[in-house]
Amino acid sequence: MRLQTSLIALLAAAALTACGGGETTSAPEAKTETAVKTVTLDDVLANPRRADDAARDQFRNPKETLEFFEVGPGKRVGEIWPGWYTKVTAPYLAANGGEYVAILYPEGQSERLDDRIAKYKDAYSDTSVYGEIEYAGFLKDSGPILAEGQEPLDVLVTYRNVHNWMGGDYAQDAFNRFYDALKPGGILGVVEHRLPETAVQNPKGTTGYVQESYMKDMAKRAGFEFVEASEINANPKDTADHPFGVWTLPPRSRTPEAGTVEAADFNAEAYKNIGESDRATLKFRKPK
């Protein structure tokens with residue numbers, strides 16, 4: 001009888017443990033982790049929306065150029081007179097916590113320029129792709145690049161524009177204003193058609209070609225430190241001495257008028273085979 005009572009007590013205790021939350025071991029729940037996909041420059045460059053632009057990648061080398069200029073996640077990047085590069089830089093920054101500032105012509109200069117500004121803004125208005133693009137203005141005598149209240153830039157880039165400012169007699173002023181638009185420690189990246197140091201530099205930049213030393217000097221006078229030059233965009237086939245300057249080469253491929261003396265022995269195919277121009281790729285830093 002005593003044995004039977006003990007057995008009943010043991011069975012009751014076991015039941016209470018099972019029902020009353022006694023310490024038991026259960027299989028851990030499987031954790032569901034959502035992988036965050038990083039959008040890389042390779043992803044952006046391979047996107048179908050760049051189908052018409054991709055043919056020029058071999059001459060413009062956008063991935064290597066942007067990496068050289070330290071354009072990356074979380075950066076605030078401005079581009080002077082943007083165009084072709086917007087489809088690369090803006091989506092990349094938008095997907096990686098950065099900010100893209102398109103520095104266009106200031107509005108109100110002319111009806112033609114205002115039309116170009118409007119078309120640019122419309123082309124890149126899809127915030128799901130390009131993010132919230134911020135705008136600023138730059139032209140001769142237009143004052144500071146960034147308006148009051150706009151945050152300074154981590155990186156400022158410009159592609160094949162220096163000769164234009166030389167022609168307008170405001171190249172040095174341009175570099176001065178670039179300096180003011182950058183944060184201390186910020187990077188200025190310059191790509192320009194390169195004139196050999198052995199040639200004579202026209203201060204107006206009429207051929208479209210500019211010597212590296214000429215640009216380095218303007219940057220130094222503005223207060224920049226020279227960091228490094230890259231041969232990313234070099235083209236050793238370009239001799240920089242063509243009849244119509246850089247515009248003799250693709251993509252412009254300018255030719256003489258039919259029937260002129262110049263047209264008689266002009267070999268357009270030879271210039272096309274050179275490809276796009278030899279380009280200097282220079283990186284400067286605003287001192288901290």
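The values are calculated or read from the model by the stated rules, or taken from the named source; none is laboratory data. Every value quoted in this text rests on a predicted model; they were computed, and no experiment measured them. Positions of Cβ are backbone-derived with ideal geometry, glycine not excepted, and every protein chain shown enters the neighbour counts.
Figure legend. Inter-residue proximity from region 142-163: first residues modelled with pLDDT of 95 or more and hydrophobic (A, V, I, L, M, F, W, C), second residues in a strand (DSSP E or B) and surrounded by fewer than 21 Cβ atoms within 10 Å (Cβ to Cβ), beta-carbon distance below 6 Å, spacing 6+ or different chains. Indicated pairs: I145/A136; L146/A136; L153/R76. Checked against the criterion of being buried (at least 20 other Cβ atoms within 10 Å of the Cβ) and either at pLDDT 95 or above or under 20 Å from V162 (Cβ atoms) (or both), the candidates P73, P82, P106, P48 yield just one match: P82.
With respect to the conditions (1) crowded, with 24+ Cβ neighbours inside 10 Å; (2) on the phi > 0 side of the Ramachandran plot; (3) not polar (S, T, N, Q), E192 lacks only one, and its number is (2). Taken over region 224-245, the criterion of being buried (at least 16 other Cβ atoms within 10 Å of the Cβ) and out of contact with any strand residue (DSSP E or B) (no Cβ under 9 Å at 6 or more places or on another chain) is satisfied by H242, F244. Set side by side, the residues R254, R221 differ, and just one is surrounded by fewer than 15 Cβ atoms within 10 Å (Cβ to Cβ) and either over 23 Å from R285 (Cα atoms) or polar (S, T, N, Q) (or both), which is R254.
Results for (1) acidic (D, E); (2) touching a Gly at 6+ places or on another chain (Cβ under 6 Å); (3) more than 18 Å from F226 (Cα to Cα), shown as yes or no for each residue.
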{"site": "D141", "(1), (2), (3)": "yes, no, yes"}
{"site": "L146", "(1), (2), (3)": "no, no, yes"}
{"site": "Q150", "(1), (2), (3)": "no, no, yes"}
{"site": "D154", "(1), (2), (3)": "yes, yes, no"}
{"site": "Y159", "(1), (2), (3)": "no, no, no"}
{"site": "H163", "(1), (2), (3)": "no, yes, yes"}
{"site": "G167", "(1), (2), (3)": "no, yes, yes"}
{"site": "A181", "(1), (2), (3)": "no, no, no"}
{"site": "G189", "(1), (2), (3)": "no, no, no"}
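One residue is enough: does region 128-150 have a residue meeting the conditions touching a helix residue (DSSP H, G or I) at 6+ places or on another chain (Cβ under 7 Å) and at positive phi? Yes, that holds for at least one residue.
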